[in-house]
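Structure, as structure tokens:
The values are calculated or read from the model by the stated rules, or taken from the named source; none is laboratory data. In this text the structure is predicted, and so the values were computed from the model without any measurement. Don't worry about glycine lacking a Cβ; one is built from the backbone with ideal geometry, like all the others, and counts go over all protein chains shown. When the accessible area is computed, the model is the full protein with side chains, heavy atoms only, and any ligands, DNA or RNA have been set aside. Shrake-Rupley method; radii C 1.70, N 1.55, O 1.52, S 1.80 Å.
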Amino acid sequence: MTSLPLLPVLFKAEMSLIRLGKLRQQSSVLFLCDMQEKFRHNIVFFPQIVSVAARMLQAVKLLEMPVIVTEQYPKGLGPTVPELGADGITKYSKTCFSMLTPEVEKELQSIPNRRSVILCGIETQACIMSTTLELLDKGFDVHVVADACSSRSQVDRLVALSRMKQSGAFLTTSEGVILQLLQDSTHPKFKEVQKIIMESAPDSGLLSLFQNQNPLFT
């Protein structure tokens with residue numbers, strides 16, 4: 001019989017394992033948020049953000065993982081930009097900030113064994129943060145791809161990333177996510193996916209944000 005003094009230790013160990021945030025191909029889904037035409041000239045580093053998200057999408061397609069794409073009021077803000085490469089993928093229209101519309105929740109529930117969401121898109125302080133907080137509240141691990149998320153204001157972007165980290169999201173990069181999903185160079189799709197990351201991801205401005213070792217991220 002386990003003695004009572006050991007229970008807090010066992011609980012802490014269990015929680016530590018939960019919070020590791022390991023990504024697995026079989027238990028992850030990619031969310032692509034609102035990368036639409038009308039945002040093209042308003043979002044800082046928009047071409048780079050879309051390019052990085054497109055790399056994520058290419059890798060996830062090769063790994064045959066599920067993808068969910070949303071559009072914020074497409075009648076007014078236009079369709080998803082073609083360079084994302086999301087043709088043929090269902091686009092869920094929304095007006096709320098969170099991606100978790102009833103239709104998206106239904107789709108997510110239909111995907112078995114999903115516990116981790118990989119999140120890319122715009123804007124960081126609005127739809128990305130709202131989606132992150134709602135997913136965390138529902139028990140998902142959320143991995144925010146920091147080099148694939150941006151905003152009109154880089155102050156908003158930086159503080160939103162920090163805010164999500166405080167709430168328990170994992171901040172990561174596109175290459176970090178892709179390599180975690182592969183796990184091993186013997187993965188049957190490794191060589192195909194490797195071609196996607198052979199060239200470094202475009203600079204989406206994070207280095208300039210971090211250059212002063214911002215205390216928000218310590």
Comparing G88, G139, G176 in a Gaussian network model of the chain (Cα, 10 Å), the one with the largest mean-square fluctuation is G88
Relative contact order of the chain, pairs being alpha-carbon contacts under 8 Å that are 6 or more residues apart, as %: 24 percent
Report the Cα-based extents of the stretch 86-178 along its three principal axes, largest first, to the nearest Å. 36, 25, 25
Can you list the aspartates and glutamates whose alpha carbon is less than 18 Å from that of K189, not counting same-chain residues fewer than 8 positions off? E64, E175, E199
Fully extended contour minus Cα-Cα distance, from D184 to Y73, at 0.36 nm per residue: 35.9 nm
Semi-axis lengths, Å, the stretch 136-194, gyration tensor of Cα atoms, sqrt of 5 times eigenvalues: 27, 15, 7
Per the 1.4 Å probe, what fraction of the accessible area of the stretch 107-212, in percent, lies on carbon and sulfur atoms? 50 percent
For the chain, set up a Gaussian network in which alpha carbons nearer than 10 Å are linked by springs, and say which option among S200, S153, S174 fluctuates the most. S200
Cross-link list K61/K191; K61/K91; K22/K195; K22/K165: which exceed 19 angstrom alpha carbon to alpha carbon? K22/K195
Expected output is a single nm value to one decimal: the length gained when fully extending between I111 and S208, i.e. 0.36 nm times separation in residues minus the C-alpha distance. What is it? 31.1 nm
Just round it to a whole percent: the fraction of Cα-Cα distances in the stretch 17-56 exceeding 16 Å. 51 percent
Please state the charge dipole magnitude for the chain, taken about the Cα centre, from unit charges on C-beta atoms (+1 on K and R, -1 on D and E), reported in debye and rounded to the nearest 20. 260 debye
Got the relative contact order for the stretch 47-98 handy, in percent, Cα pairs under 8 Å and 6 or more residues apart? 43 percent
Once normalised by the length of the stretch 28-144, the mean sequence separation of its alpha carbon contacts under 8 Å that are 6 or more apart gives a contact order in percent of 33 percent
Roughly how much of L63 is accessible, in Å² to the nearest 10, using a 1.4 Å probe? 10 Å²
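Given only helices, namely DSSP H runs of n ≥ 4 each adding -39500 (n - 2.57), what is the per-residue ellipticity at 222 nm of the chain, to the nearest 500 deg cm²/dmol?
Here the helix-only value at 222 nm equals -11500 deg cm²/dmol.
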Between Q72, Q194, Q36, which gets the highest mean-square fluctuation from a Gaussian network model of the chain, Cα cutoff 10 Å? Q194
How much area per residue is accessible in the stretch 113-218 when the probe is 1.4 Å and only protein heavy atoms are counted (Å²)? 49 Å²
